[in-house]
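**Q** Take a look at this one; I'll ask things after.
The values are calculated or read from the model by the stated rules, or taken from the named source; none is laboratory data. What you see is a predicted model, and the numbers here were worked out from it, not measured in a lab. Methodologically, a virtual Cβ is constructed for each residue, glycine included, from the backbone with ideal geometry; neighbour enumeration extends over all protein chains shown. Surface accessibility is based on the protein's heavy atoms, side chains included, excluding ligands, DNA and RNA. Shrake-Rupley method; radii C 1.70, N 1.55, O 1.52, S 1.80 Å.
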Amino acid sequence: MGTLYYGDVATPIEIEDRALAHVKVVIATKLRRGESFTLSWTHGPDQEVGRSTVWLHPSIPLRFVFDEPEPALLSRSWIEALATSANSSGGLLIVPEPEHPGS
């Protein structure tokens, strides 16, 4: 389970390593362009039922921590799906990985 630390938020955001690697690419791309946007996710099974959203801004510190020492192989189709959501009015939503990585 990877962890995303954003600003001075007391509770870090836990995201599965593979998903976090893909989310990182999309977040880094948008922040590099100076774009602000929201990131939303559904709470994990060991958390209270619900969902959360944070506003991501280039001036706020951000750190990605992965449990796995080796970087995940990235899926272009998953990055594209995440980027499409990030560019929508709803912001970046952590969507499941497409079943057919080549599509």
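**Q** Tell me, yes or no, whether segment 49-68 has at least one residue that is part of a loop (DSSP other than H, G, I, E, B) and on the phi > 0 side of the Ramachandran plot.
**A** Quick first cut of segment 49-68, residues part of a loop (DSSP other than H, G, I, E, B) only: 49-50, 57-61, 66-68.
After this cut, where a residue has to be on the phi > 0 side of the Ramachandran plot as well, the list is 50.
Checking segment 49-68: at least one residue is part of a loop (DSSP other than H, G, I, E, B) and on the phi > 0 side of the Ramachandran plot.
**Q** Go through ALA10, ALA83 for me and flag whichever is of a type in the set (A, V, I, L, M) and surrounded by 13 or more Cβ atoms within 10 Å (Cβ to Cβ). Can you show your working first?
**A** Details: ALA10 fails: surrounded by 13 or more Cβ atoms within 10 Å (Cβ to Cβ).
Just one listed residue meets the conditions, ALA83.
**Q** So which residues in segment 28-54 are open to solvent by 60 Å² or more (accessible area, probe 1.4 Å) and either within 12 Å of the chain's Cα centre (by Cα) or more than 25 Å from GLU80 (Cβ to Cβ) (or both), if there are any at all?
**A** Matches in segment 28-54: THR42, PRO45, ASP46, GLN47, GLU48, VAL49, THR53.
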